[in-house]
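Novice: Sharing a structure below in structure tokens format, with a few things to ask.
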Amino acid sequence: MAIIIDGKALAAKCKEEVRTAVAAMERKPGLAVILVGENPASQVYVRNKQKDCQECYLFEKRDMKYCFDS
């Protein structure tokens with residue numbers, strides 16, 4: 001028998017648990033991102049991670065962007 005998982009509800013529960021844990025921390029964990037190139041899919045992924053960090057009160061830093069020609 002298959003079990004249907006509500007991904008949005010599970011994600012919301014996980015984010016709430018992270019928010020609660022982070023709120024209790026004296027020093028906040030964070031995420032640093034270095035985006036190399038101009039891949040639109042990567043930019044969307046990084047933008048979504050940045051949004052997740054803001055929702056969970058995590059420190060995020062995204063000031064570096066590198067472009068390389070091959």
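The values are calculated or read from the model by the stated rules, or taken from the named source; none is laboratory data. Computed from a predicted structure; not experimentally measured. Counting neighbours? That spans all protein chains shown, and the Cβs are built from the backbone with ideal geometry, glycine included.
Novice: Suppose we filter the stretch 13-33 for residues that are farther than 15 Å from Gln54 by Cβ, over 13 Å from the mean Cα position of the chain (by Cα) and not basic (Lys, Arg); how many remain?
Specialist: Residues that pass the stated criteria total 6.
Novice: Something else: Give the stretch 1-50 a look and list any residue that's modelled with pLDDT of 90 or more and in contact with an Asp or Glu (Cβ under 8 Å, 6 or more places away or on another chain), or say none.
Specialist: Answer for the stretch 1-50, where residues must be modelled with pLDDT of 90 or more and in contact with an Asp or Glu (Cβ under 8 Å, 6 or more places away or on another chain): Lys15, Arg19.
Novice: With the requirement that a residue be exposed (fewer than 11 other Cβ atoms within 10 Å of the Cβ) and assigned to a strand (DSSP E or B), what does the stretch 9-60 give you?
Specialist: Once the filter is applied, which keeps residues that are exposed (fewer than 11 other Cβ atoms within 10 Å of the Cβ) and assigned to a strand (DSSP E or B), the stretch 9-60 yields only Ala32.
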